[in-house]
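All remarks here apply to the structure that follows.
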Amino acid sequence: MEINEKELTITVITSKLIRNYIPEIKRIFFGGKIPSNVSVNLTDKCNQSCVYCEIGKNCLSQNSDLLTKDDLFWIITQMAEFRIKKLSMCGGEPFLFSGIIDVVEFAWKNNVFCNITSNGMTIHKLNDNEFHTLKKCKTIVNISVDSFNEEIQIQTRGNDSALKNALKSIQKLQENNIPVIILSVISKYNYHDLYKSLIHAHSLKITNVLYQPVIKYSNFPNISVIKNKQELNVSTDQFDILFRELQKIYLFERKHKINTNIYRLLPWIESYINIIPDKKNTFFFHKVLPKFYCREIFTVIEINYYGGIQPCGLIQAEKSIKDNKSIDLLTQWENATEKLKADLKSFNYPIYCNGCCHKFSRNMIASAFQYPFANRKILITIFISIFNRLLSIILKKLYIKEYESRSHYRC
Ligand code: SF4
Ligand code: SF4
């Protein structure tokens with residue numbers, strides 16, 4: 001099957017509109033209280049051993065009462081009732097959850113769209129019908145690749161066939177015209193290789209690559225954080241090289257058919273990496289934002305692999321949907337987030353906010369609009385970045401063929 005780039009681009013843009021932007025605009029301008037996304041960790045099983053991941057490092061305690069397909073069907077039925085359109089599925093490795101394709105299809109029938117974040121180890125083994133279902137249901141698949149250099153990918157993902165499998169899966173997804181987004185964790189292992197890897201992604205006709213540094217707390221709040229996790233981030237004497245890489249990516253994407261989130265990362269990544277996470281009342285975001293607002297706790301329902309509803313992605317759940325199906329999902333979520341919302345309203349931030357980088361770019365933009373005067377400096381930076389971004393998108397549309405044919409990649 002031939003890759004239909006135009007169709008893939010249209011699918012990604014319309015999906016972003018329906019799943020992200022329209023619910024967000026509704027929430028900001030019409031004060032909606034319904035979140036726009038449910039994020040579920042389907043399983044605690046994984047077939048990789050990433051250096052920065054508590055599951056990968058085997059820090060799990062045994063608990064057999066994991067989410068089932070019926071639990072997922074209940075969640076989706078509730079989402080349909082409250083018109084929540086986006087279901088994000090992660091893990092562990094979500095393709096180790098038996099019945100994931102049935103879940104995608106059930107969601108589709110209920111007008112819910114799925115984004116799946118996978119390491120790509122087994123996707124290429126799906127059969128034609130399963131690929132057909134993913135495509136029919138307008139699924140977007142995020143594949144985690146820290147580097148297209150095999151040695152680095154093996155080092156960070158702890159599996160000798162990590163890159164080979166990811167490449168096979170990317171190819172199969174593309175052949176079936178299913179949009180693929182690459183997720184890349186910036187660490188001390190790959191910071192010098194980011195630009196080379198981006199060029200490789202571009203040569204594979206990937207059009208979206210998203211970066212984030214290593215989260216400083218546990219990715220799974222029911223598991224203790226791995227020892228010295230902070231040291232996996234780039235150190236201060238490596239910053240120069242990192243910023244050169246990010247600048248090269250920024251310039252590259254202005255002239256080529258590939259988009260990244262570098263423009264949103266640049267204002268804050270240095271202060272994030274520099275801060276000592278447990279230092280009391282010192283938060284990395286204050287270097288960027290005098291007043292911080294966390295939009296995530298208003299927009300995402302986070303559910304862990306035991307069915308626990310978390311106050312947010314980094315804070316442990318106290319109650320599980322498994323025991324409370326007589327209470328609707330929205331009420332359970334409101335109860336779970338009530339205290340955290342009150343704390344944040346009085347600017348009483350939990351220590352975890354210091355390690356929370358995966359959603360920070362969106363929180364930064366939301367904070368600028370929520371408190372425009374206090375955050376006026378960053379608001380101006382954001383407007384300039386958005387203007388530059390739009391301009392480069394228009395220029396890319398007009399001149400992309402010419403640029404691509406004239407380009408000689410310098411790695
Ligand atoms: S980061 Fe993802 S792929 Fe890596 S070990 Fe953790 S759950 Fe598995
Ligand atoms: S850790 Fe803090 S910033 Fe991150 S989602 Fe939770 S409340 Fe928001």
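Looking at region 228-242 only, could you name the residues that are open to solvent by less than 50 Å² (accessible area, probe 1.4 Å) and without any contact (Cβ under 8 Å) to a residue 60 or more places away in the chain?
Of all residues in region 228-242, those open to solvent by less than 50 Å² (accessible area, probe 1.4 Å) come to 229, 232-235, 238-239, 242.
Answer for region 228-242, where residues must be open to solvent by less than 50 Å² (accessible area, probe 1.4 Å) and without any contact (Cβ under 8 Å) to a residue 60 or more places away in the chain: Asn233, Val234, Ser235, Gln238, Phe239, Leu242.
Look at region 109-120: where a residue is away from ligand 2 (no atom under 16 Å from the Cβ) and among the small types (Gly, Ala, Ser) and a partner is assigned to a strand (DSSP E or B) and modelled with pLDDT of 95 or more, sitting 6+ places away or on another chain with Cβ atoms under 8 Å, you get Ser118/Val141; Ser118/Asn142; Ser118/Ile143; Ser118/Ser144; Gly120/Ile143; Gly120/Ser144.
The sole residue among Val209, Val225 that is in contact with a helix residue (DSSP H, G or I) (Cβ under 6 Å, 6 or more places away or on another chain) and buried (at least 18 other Cβ atoms within 10 Å of the Cβ) is Val209. Selection within region 262-316: residues that are assigned to a loop (DSSP other than H, G, I, E, B) and within 16 Å of ligand 1 (Cβ to nearest atom). The member of this set that is most open to solvent (accessible area, probe 1.4 Å) is Tyr306. Checking each residue of region 89-100 against the condition of being out of contact with any Gly (no Cβ under 9 Å at 6 or more places or on another chain), within 16 Å of ligand 2 (Cβ to nearest atom) and within 14 Å of Asn41 (Cα to Cα) gives at least one match. Considering only region 317-347, state which residues are in contact (Cβ under 8 Å) with a residue 60 or more places away in the chain and either within 14 Å of ligand 2 (Cβ to nearest atom) or assigned to a helix (DSSP H, G or I) (or both). Answer for region 317-347, where residues must be in contact (Cβ under 8 Å) with a residue 60 or more places away in the chain and either within 14 Å of ligand 2 (Cβ to nearest atom) or assigned to a helix (DSSP H, G or I) (or both): Ala317, Ile321, Lys322, Leu329, Leu330, Trp333.
Exactly one condition in (1) open to solvent by 20 Å² or more (accessible area, probe 1.4 Å); (2) on the phi < 0 side of the Ramachandran plot is not met by Asp146; state its number. For Asp146, the failing item is (1).
Looking for something within 23 Å of Cys53 (Cα to Cα), open to solvent by 10 Å² or more (accessible area, probe 1.4 Å) and either out of contact with any helix residue (DSSP H, G or I) (no Cβ under 6 Å at 6 or more places or on another chain) or not in a loop (DSSP other than H, G, I, E, B) (or both) - is there at least one such residue anywhere in region 123-130? Taking every residue of region 123-130 in turn, none turns out to be within 23 Å of Cys53 (Cα to Cα), open to solvent by 10 Å² or more (accessible area, probe 1.4 Å) and either out of contact with any helix residue (DSSP H, G or I) (no Cβ under 6 Å at 6 or more places or on another chain) or not in a loop (DSSP other than H, G, I, E, B) (or both).
The values are calculated or read from the model by the stated rules, or taken from the named source; none is laboratory data. Please read these numbers as outputs of a predicted model, since none were measured by experiment. A quick note on method: Cβ atoms are made from the backbone with ideal geometry, for glycine too, and the neighbour counts reach across all protein chains shown. These area figures cover heavy atoms from the full protein model, side chains too; ligands, DNA and RNA do not enter into them. Shrake-Rupley method; radii C 1.70, N 1.55, O 1.52, S 1.80 Å.
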